[in-house]
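Bear in mind these aren't lab numbers, they're just calculated from the coordinates by the rules spelled out. Predicted model, so just to flag it, every value in this text is computed and none were measured. A quick note on method: Cβ atoms are made from the backbone with ideal geometry, for glycine too, and the neighbour counts reach across all protein chains shown.
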Amino acid sequence: MDFKNLSVFDAASRNMQYLTAKQKVIAENIANVNTPGYLARAVAEPSSDAGYFSSVALKTTNPRHIALHSDNDVRVYTPNPSAALTIDGNGVILEEQMNQASKASSEYKKTITILNKYKTLLQTASTKISV
């Protein structure tokens, strides 16, 4: 049975791509916690009504403002800092990034669990019952 054409698997796959990109950006933020002038970046959440993202192309004036992170329409941006910058201009709050990393990891694991349960349900339903 080909599961790739089912909408639940397509949605789960796109969610996992989003969470992977989010974890990568968080790791980059944590790696640059001591880099002068570095501002924490974030991944834009997918729109729920138009699929993952609409096909509207954004004009970029600076690659640090809005960037296309990958070919999966996952957009990475630099939000306004929520707290004061350090003396050297760094805007990464390590505790906040670690909290976001933990949440992203939990969401990823939850998606995998749901995906595996749904796959098992479909495999069970598609088996022949012999009487």
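A few points about this structure:
- Sorting the segments 35-44, 78-87 by their mean number of nearby beta carbons within 10 angstrom, highest to lowest, gives 35-44, 78-87.
- Positive contributions from Lys and Arg (+1) and negative ones from Asp and Glu (-1), summed over other residues with Cβ under 15 Å from the Cβ of residue 84, come out at -3.
- Counted residue by residue at 0.36 nm each, then reduced by the alpha carbon distance between them, the extension gain from residue 99 to residue 126 reaches 5.6 nm.
- Our estimate of slack between residue 80 and residue 20, defined as 0.36 nm per intervening residue step minus the Cα-Cα distance, is 19.3 nm.
- Rough spin-label spacing in nm, given labels placed 7 Å along Cα→Cβ, for residue 35 and residue 13: 3.2 nm
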